[in-house]
1. Consider the range 324-335. How many of its residues are of a type outside the set (Lys, Arg) and modelled with pLDDT of 85 or more?
2. Among the residues of the range 126-167 satisfying the criterion of being among the aliphatic types (A, V, I, L, M) and touching a Ser or Thr at 6+ places or on another chain (Cβ under 7 Å), which is surrounded by the most Cβ atoms within 10 Å (Cβ to Cβ)?
3. In this structure, does Ser188 turn out to be modelled with pLDDT under 95, of a type in the set (Ser, Thr, Tyr), buried (at least 18 other Cβ atoms within 10 Å of the Cβ) and farther than 17 Å from Gly277 by Cβ?
4. With the requirement that a residue be in a helix (DSSP H, G or I) and either open to solvent by 40 Å² or more (accessible area, probe 1.4 Å) or among the basic types (Lys, Arg) (or both), what does the range 243-256 give you?
5. Determine the pairs where a residue that is within 19 Å of Lys218 (Cα to Cα), located within the range 228-243, has a partner that is in a helix (DSSP H, G or I) and of a type outside the set (A, V, I, L, M) with Cβ atoms under 7 Å apart, the partner being 6 or more residues away or on another chain.
6. Within the range 25-40, does at least one residue satisfy the condition of being small (Gly, Ala, Ser) and touching a Gly at 6+ places or on another chain (Cβ under 7 Å)?
7. So which residues in the range 189-207 are closer than 15 Å to Thr235 by Cβ and of a type in the set (Gly, Ala, Ser)?
8. Does the range 40-79 hold any residues that are closer than 15 Å to Asp29 by Cβ, assigned to a helix (DSSP H, G or I) and of a type outside the set (A, V, I, L, M), and which are they?
Amino acid sequence: MSLPCDWQIKKQKISERGQYLLQTAQWSDCKFIVGTEPYQQEFGGHKLFLAMSSPVFEAMFFGGMAEKNDPIPILDVQPDAFKALLEYIYTDAINLYSFDQACELCYVAKKYMLPHLVGECTNYLWQDLFPKNACRAYEFAKLFEEPVLMDKCLQIICLETEAVLREASFEEVELSTLVVVLEQDELSISSELELFNAVQRWAARECVRKGLPPDDGKSLRSVLGPAIGKIRFLTLTPSQFAEGPALSPLLTQDESFAVLLNISSTSAACKLPLPEGFSSSTELRRRPSPASPDQPSPLPVLPGPSTSSIMTSPAMREGLASPAHRDTKLYCIRNILPQPHCLNTSILDCSVTFTVDRNIYVHGVQIPTQVLSESSEVGGGSGLPNPQLGGSYTELLYAHLLDSDGSRLTYTHYTSRVSYGSLVEITFNRSVEIQRNKVYRVGVVLNKVGWYPMGSCAQRMLCDAVFFTFCVGQPSDSVRDGLFRAIVFTY
């Protein structure tokens, strides 16, 4: 089938023209065969487009040792990741939809030296960290020398250790990652038994991967190597050790006897030397401090007055709030100038950045619900939809709070029956301490088709003794910020 003539006339933006060339391969002057059998895929490309985006492609096509193969084999990249790379080069579009895909795309972006794309992939990974993928993300960050991401992964591992150890994916980690976990002084575990059981599971799985018997002590020890010495057996009680590790094939009878004697005896004369390489530490692993600025402790949301009852007194403005007042839920309500409503046809993404002049705990946000149509009137000059519209619908959204690095601090998925033309309060899964003079970003993704009331909101607000500044930092970080009508907090 022939391609249409004068197609350029209908393409207003260069990204649209690039998308057309990528999809049709018109004027393509190079080809790539990507991936390995049976999942290989062929892509057409344009040397000029590729070379002006990547120094690697420039060297490939116009350097002294230009690529002569046709098609050019790229065997270490997944076809989906290479396709996403081409979409970015041709259209500037970055489509990230899963942890695995972001890892693969980040690898390709590193390979072809596209630092902006690497940064976007890394930001996505920060926001998608969970106990189930924290270890894998740590290994990815270590491989590609992303120290900030490595630190974030370790925070998740240390703060949610029990959940990390329960995941089946923990059995797939590298030995070096297992050692890193065992070397941590601060882990969220009730006892060293949890670590020992997880290590035993990992060793059995590693034996299977290497074709060794998973119930043989020598095989288990061979795959673990010196990692067994990182377990702090001396922190266990005699009964804990006797009923657990002492019965495991991981330890010999002599080793078990020596450890048990060291645990049980209070006399140095009665103790045997510990097996070579075994930890002599009797220090229990501490739980990570909830007072840490990077990982503040959850603060329960306390019942408080409704939005309309919040008052701002002169004493509060002077910062003379009583200690009792700091347990009351407050609402930083933004003044709003109404604007035309916004139609959500599939997914509506909105976000706003903000700073505060003192430390607070953020519990959630208030956003407006849908109005019945674009022409629905707003009442009273308040910027809120007319409450007499009536009716209800099921709202479906995702909300999160990010720090200045783009790391997700807390989030929630919200599904509930709500009234048209009202405000809904979204409470995060946990409350987070916000540090003064630091930039944070709160975001909401709305998934229900319909009209949402937009507005132009005030960028500086005083609520009690706390001064909020909105839409700070990068301009691109605050999108449709008028959908955030209030920040819910305490201090």
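The values are calculated or read from the model by the stated rules, or taken from the named source; none is laboratory data. Predicted model only: the values in this text are computed from it and were never measured. No Cβ is skipped: glycine too gets one built from the backbone with ideal geometry, and neighbour counts run over all protein chains shown. Note: accessible area is taken over every heavy atom of the protein model, side chains too, but ligands, DNA and RNA are not part of it. Shrake-Rupley method; radii C 1.70, N 1.55, O 1.52, S 1.80 Å.
1. Number satisfying all stated conditions: 4.
2. Leu149
3. Judged against the criteria, Ser188 is a match.
4. Glu243, Leu247, Gln253, Asp254
5. Ile228/Arg221; Ile231/Glu192; Ile231/Phe196
6. Of all residues in the range 25-40, those small (Gly, Ala, Ser) come to 25, 28, 35.
Subsequent filtering for residues that are touching a Gly at 6+ places or on another chain (Cβ under 7 Å) retains 25, 28.
Yes: the range 25-40 contains one or more residues that are small (Gly, Ala, Ser) and touching a Gly at 6+ places or on another chain (Cβ under 7 Å).
7. Within the range 189-207, Ser190, Ser191 meet the criteria.
8. Across the range 40-79, the qualifying residues are Lys47, Phe49, Phe57, Glu58, Phe61, Phe62.
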